[in-house]
1. Show me the strands (runs of 3 or more DSSP E) found entirely inside segment 17-106 where at least 1 residues are farther than 27 Å from Ile137 by Cα, touching a residue at least 24 places away in the same chain (Cβ under 8 Å) and not assigned by TED's automatic domain parsing to the domain that holds Thr131.
2. Could you grab me the full set of residues in segment 112-132 that are closer than 13 Å to Ala76 by Cα, basic (Lys, Arg) and at pLDDT 85 or above?
Amino acid sequence: MAKQVTGQAKFQVPGGQATPAPPVGTSLGKFGVNLGQFVQAFNDRTKEYNGTPIPVIVTVYNDRSFDFITKSPPAASLLKQAAGIAKGSGVPNVNKVAKVTRAQCEDIATKKMADLNARSMDQAVRMIEGTARSMGIDVEG
């Protein structure tokens, strides 16, 4: 007999630093999942990201087993790393907080290509540049 899906949970956790505390505990506790087992598996899979927020989708089955899919880090956090800033501008159309090159945007687009709904690399780069502009980051070149 096939497993039946009990529920799904979506949340973001710093890569390699998950704990049974919220948001993991509050999202998965209601399904009766072994939190220690999830935390161990998640941290093993994402240890190379070391603190970068990683979106995760957890599917829980009726026997309390689970599968999870990790996505690429959000474009905003990758842009903040590339620009070397802690946060974006509060008023992005007036205050510019940093600059990134088109090459850096292309690098971010290649990392995120699997999760973007772009047909070509050029479209993906334009999406990343739009995110940068909305954060108050200038794109050069």
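1. Counting at least 1 such residues, we get 53-61, 66-70.
2. Within segment 112-132, none qualify.
The values are calculated or read from the model by the stated rules, or taken from the named source; none is laboratory data. Please read all numbers here as calculations on a predicted model, not as lab measurements. With ideal geometry, Cβ positions are generated from the backbone for all residues, glycine too; neighbour counts draw on all protein chains shown.
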